[in-house]
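Notes follow once the structure below has been shown.
The values are calculated or read from the model by the stated rules, or taken from the named source; none is laboratory data. As the structure is a prediction and not an experimental result, all values here were calculated from the model. Here the Cβ is made from the backbone with ideal geometry for all residues, glycine too, and neighbour counts use every protein chain on show.
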Amino acid sequence: MAQTMSKTRVPVTGTAISSRKRQWFFVDFYSTAVGKKYVMAISGIAMMGFVLFHMIGNLKIYLGATDLNHYAEFLRTLLYPLAPKGAVLWILRGGLIVMLIAHLHSAWSLTVLNRQARPVKYQSRRDYEVANFASRTMRWSGMIVLSFLIWHLLDLTFGVTNTVGTDGVFVKAEVYENVVRSFQRWPVAVFYIFANLMLGTHLYHGAWSIFQSLGWNNPRFNAWRRSFATAFATIIVVGNVSFPIAVLAGIVTT
């Protein structure tokens, strides 16, 4: 009888039963590895779109100072006078910053989860044989691209490292002149080229793995995914790297 009583014993107070507090759906979903992969994939898609359109817009440098400066002014006056000048552009920049933070945090938290799941590294070279260079250097290429982004903003957006414009000051409206003057400094041009090569490796693996992160992974489409990743990364790298090369070669000049 005593054994039967012990098996059917129930808590004598309500405090013995702990209930998990219900969280907001997004917070609960993001706490899982699947949720983090979705956030990293979606934020990656948003930034891929920005990189593509940013590169296409910068191609106007080959049309001359008037066209590139006019394009920059167009971005600053988006939806004006419906919205104040620069307001929409800063909203877009704010959205990109949110996407960047989400991308960085999801990547970092996934790394933590992976290390917790397997605290001991593989002892053989097998995973290096399976993984390609782009996938093995995602963290390094990401940090290099982030460093380049900070430098790029200081150089061509805020003018902190590019202050030899008209009357010895940085003039935001002189976008064409600022770009040419910046790339005429060969260390800046070399860093720009190197950073974009790293961006290409990052984009290649990111464009490839986005489909897997979103659950759109099928062996029948692997060739298509690889072709898309290769084409996208190549277009971005060739377009961006052409700018400093054209300036150093004297093709684009003030």
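Which one is surrounded by the fewest Cβ atoms within 10 Å (Cβ to Cβ) among residues in segment 208-230 that are modelled with pLDDT under 90 and among the small types (Gly, Ala, Ser)?
223
On the basis of being in contact with a Ser or Thr (Cβ under 9 Å, 6 or more places away or on another chain) and modelled with pLDDT of 95 or more, does residue 59 make the cut? Let's see the steps before the verdict.
Values: in contact with a Ser or Thr (Cβ under 9 Å, 6 or more places away or on another chain): yes; modelled with pLDDT of 95 or more: yes.
Taking the combined requirement at face value, the residue satisfies it.
Using the structure shown, decide if residue 69 is farther than 29 Å from residue 138 by Cβ and in contact (Cβ under 8 Å) with a residue 60 or more places away in the chain.
Numbers: farther than 29 Å from residue 138 by Cβ: yes; in contact (Cβ under 8 Å) with a residue 60 or more places away in the chain: yes.
So residue 69 passes the test.
Can you report the number of residues in segment 62-87 which are at pLDDT 95 or above and of a type in the set (Val, Ile, Thr)?
1
Could you check segment 67-78 and list, in sequence order, the residues that are in a helix (DSSP H, G or I) and farther than 13 Å from residue 178 by Cα? Full working, then the answer.
The first filter runs over segment 67-78 and keeps only residues in a helix (DSSP H, G or I), leaving 67-76.
Within segment 67-78, 67, 70, 71, 73, 74, 75, 76 meet the criteria.
Here is a list of conditions, (1) modelled with pLDDT of 95 or more; (2) under 23 Å from the mean Cα position of the chain (by Cα), and residue 35 meets all of them except one; can you say which number that is?
(1)
Quick one: in segment 231-250, which of the residues that are free of Cβ contacts under 8 Å to residues at least 40 places away in the same chain and within 30 Å of residue 177 (Cα to Cα) is surrounded by the most Cβ atoms within 10 Å (Cβ to Cβ)?
Just the residues of segment 231-250 that are free of Cβ contacts under 8 Å to residues at least 40 places away in the same chain, to begin with: 231, 233-234, 238, 242, 249-250.
Restricting the remaining residues to those that are within 30 Å of residue 177 (Cα to Cα) gives 233-234, 238, 242, 249-250.
Working: 233: 23, 234: 13, 238: 12, 242: 20, 249: 10, 250: 8.
Of everything passing the filter in segment 231-250, 233 is surrounded by the most Cβ atoms within 10 Å (Cβ to Cβ).
Among residues belonging to segment 38-65 that are without any contact (Cβ under 8 Å) to a residue 24 or more places away in the chain and farther than 29 Å from residue 102 by Cβ, point out the one that is surrounded by the fewest Cβ atoms within 10 Å (Cβ to Cβ).
Top of the filtered list is 63.
Any residue in segment 203-230 that's of a type in the set (A, V, I, L, M): show its pairings with residues that are modelled with pLDDT under 90 at Cβ separation under 7 Å, as long as the two are six or more apart or on different chains.
229/208
Give the residues of segment 72-88 that are buried (at least 17 other Cβ atoms within 10 Å of the Cβ) and free of Cβ contacts under 8 Å to residues at least 60 places away in the same chain, sorted by residue number. Reasoning before the result, please.
Initially, segment 72-88 is screened for residues buried (at least 17 other Cβ atoms within 10 Å of the Cβ), giving 72, 88.
Passing the criteria: only 88.
Out of all the residues in segment 174-202, which are in contact (Cβ under 8 Å) with a residue 40 or more places away in the chain and either in contact with a strand residue (DSSP E or B) (Cβ under 6 Å, 6 or more places away or on another chain) or among the hydroxyl-bearing types (Ser, Thr, Tyr) (or both)?
176, 192, 201
Residues of segment 66-97 being among the aliphatic types (A, V, I, L, M), closer than 16 Å to residue 157 by Cα and touching a Gly at 6+ places or on another chain (Cβ under 9 Å), which ones?
68, 72, 75, listed by residue number.
Taking segment 119-148 on its own, how many of its residues are modelled with pLDDT of 90 or more and out of contact with any helix residue (DSSP H, G or I) (no Cβ under 8 Å at 6 or more places or on another chain)?
Final tally of qualifying residues: 1.
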